[in-house]
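J.: Structure provided below as structure tokens; questions to follow.
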Amino acid sequence: MSGMVPVIAVDGPSGVGKGTLCQWLAVRLGWHLLDSGALYRLTALAAQRRNLPLEDETQMAAVASALDVQFLADASGASRIVLGGVEVGDTLRSETLGSAASQVAAFPAVRAALLRRQRDFCRPPGLIADGRDMGTVVFPQAELKLFLTASAEQRALRRYKQLIEKGMDANLAALVKEIAERDARDTGRAVAPLKPAADAKVLDTTQLSVAEVRERVLALAIQRVTVTVIP
Ligand code: DC
């Protein structure tokens, strides 16, 4: 099925604003959304709930393939995520879980275990795929590949504001450090490292507002893909 369904792949480092952009774009186009980072986060969370060692590739791959997860879309484009019958709230977005996710995501067996599950999101009328390797590995056939970047400081500041808005604890200096560490791990890993696909459109958002990023991305989508924009 995935061969016929249009895909817009949106890759980039953590905190660059892909999540909100992709949710918005999915609503505007009336397309499905894959939050691939959530699958890595859920793998780490499921392992932690069962007290399994994150360093063990075989056990982490087993957890990834057995993930009992449902994504229930709501009208805003955000989804309610249910893991093992229990709704996962904002804890999924914590920086600690992001780091744990980045750790398990470096294992080839974990990536392989999640590949099919990610491709299954590709259903008509189209898919917005948010991640690190959407354009390079998971959906190399994507009609439009975007790679968003922004300085680590700017990304830490955005993440800080997001966490505070959600009423969660945040420390800016610690976030800069965690983001830099996560960048180094995601970029440096041997399998599916974070990098733009050769045919990706790279967009540096450091100096751009959310509205400006949305406007540029929507213009590219209209240019490259047959879409119906929902007002
Ligand atoms: O996008 P995110 O912050 O929710 O992702 C959490 C971690 O998961 C990220 O640091 C690396 C990993 N990840 C990945 O390796 N490949 C993806 N396609 C998405 C996320």
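J.: Please work out the average accessible area per residue across the chain, using the 1.4 Å probe convention, and give it in Å². Mind dumping the intermediate values first?
T.: Working: 10920 Å² over 231 residues.
Result: 47 Å² of accessible area for each residue.
J.: Take the solvent-accessible surface of the protein heavy atoms, probe 1.4 Å, and return the percent of it on the range 31-123 that carbon and sulfur atoms account for. Please report the intermediate quantities before stating the final value.
T.: Numbers: 2190 of 4250 Å².
Roughly 51 percent, rounded to a whole number.
J.: Still on this structure: Work out the length of the dipole vector of the chain about its Cα centre, built from +1 on the beta-carbon of each Lys and Arg and -1 on the beta-carbon of each Asp and Glu, and round it to the nearest 20 debye.
T.: Numbers: 28 positive and 25 negative charges, 59 e Å.
Value, rounded to 20: 280 debye.
J.: Give a residue-ordered list of calculated ³J(HN,Hα) values for the range 142-156 (Karplus: 6.51 cos²θ - 1.76 cosθ + 1.60, θ = phi - 60°; whole Hz; x for Gly, Pro).
T.: Each residue's phi maps through the Karplus curve to give 3, 5, 10, 10, 10, 10, 8, 10, 6, 4, 4, 5, 5, 5, 5 Hz.
J.: How big is the shadow of the Cα convex hull of the range 177-221, averaged over all directions, in nm²? Mind showing how you got there, number by number?
T.: Values: hull surface 17.6 nm².
Approximately 4.4 nm², given one-decimal rounding.
J.: Take every Cα pair under 8 Å in the range 86-231 that's 6+ residues apart, average their separations, divide by the length, and report that relative contact order as a whole percent. Please report the intermediate quantities before stating the final value.
T.: Details: 106 pairs, mean separation 45.1, N = 146.
Computed value for the range 86-231: 31 percent relative contact order.
J.: Return the sequence-ordered ³J(HN,Hα) values of the range 119-135 in whole Hz as given by the Karplus equation 6.51 cos²θ - 1.76 cosθ + 1.60 applied to θ = phi - 60°, using x for Gly and Pro.
T.: Values, residue by residue: 5, 5, 6, 7, 9, x, x, x, 9, 9, 10, 10, x, 10, 10, 5, x Hz.
J.: Follow-up question, since we're still on this one. What shape does the chain have by the C-alpha gyration tensor, where a ≥ b ≥ c are the square roots of the eigenvalues, rounded means a/c under 1.5, and otherwise prolate means a/b greater than b/c and oblate the rest? Each step should come with its number before you reach the end.
T.: Numbers: a/c = 1.44, a/b = 1.20, b/c = 1.20.
Rounded, since a/c falls under 1.5.
J.: Sticking with this structure for a sec: In whole angstrom, how long is each semi-axis of the equivalent ellipsoid of the range 37-164, when you take the square root of 5 times every eigenvalue of its Cα gyration tensor and sort them from largest down?
T.: Its equivalent ellipsoid spans semi-axes of 22, 20, 17 Å.
J.: Looking only at Ala75, Ala46, Ala174, which one moves most when the chain is put into a Gaussian network model with springs between Cα atoms under 10 Å?
T.: Ala75
J.: Using modelled amide H (1.01 Å from N, peptide plane; none on Pro or chain starts), what sits under 5 Å from the amide H of Val88, excluding residues fewer than 5 places away?
T.: Ile81, Val82, Leu83
J.: Is the shape of the range 155-231 best called rounded, prolate or oblate, per the rule: a/c under 1.5 gives rounded, else a/b larger than b/c gives prolate, else oblate, with a ≥ b ≥ c the square roots of the Cα gyration tensor eigenvalues? Each step should come with its number before you reach the end.
T.: On the way: a/c = 2.69, a/b = 1.34, b/c = 2.00.
Judged from the Cα gyration tensor, the range 155-231 comes out oblate (a/c at least 1.5, b/c at or above a/b).
J.: Sticking with this structure for a sec: How high is the relative contact order of the range 60-141? Use alpha-carbon pairs under 8 Å, at least six apart in sequence, and give a whole percent.
T.: Numbers: 55 pairs, mean separation 20.5, N = 82.
In percent, rounded to a whole number, it is 25.
J.: Okay, moving on. For the chain, what is the mean residue ellipticity at 222 nm derived from helices alone (per DSSP H run of n ≥ 4: -39500 (n - 2.57); sum divided by total residues; nearest 500 deg cm²/dmol)? Don't skip to the end; give the middle numbers.
T.: Values: 8 runs with 104 residues, N = 231.
Calculated mean residue ellipticity at 222 nm is -14500 deg cm²/dmol.
The values are calculated or read from the model by the stated rules, or taken from the named source; none is laboratory data. In this text, all values refer to a predicted model and were calculated from it rather than measured experimentally. Here the Cβ is made from the backbone with ideal geometry for all residues, glycine too, and neighbour counts use every protein chain on show. Quick note on the areas: whole protein, heavy atoms, side chains included, nothing else; ligands and nucleic acids left out. Shrake-Rupley method; radii C 1.70, N 1.55, O 1.52, S 1.80 Å.
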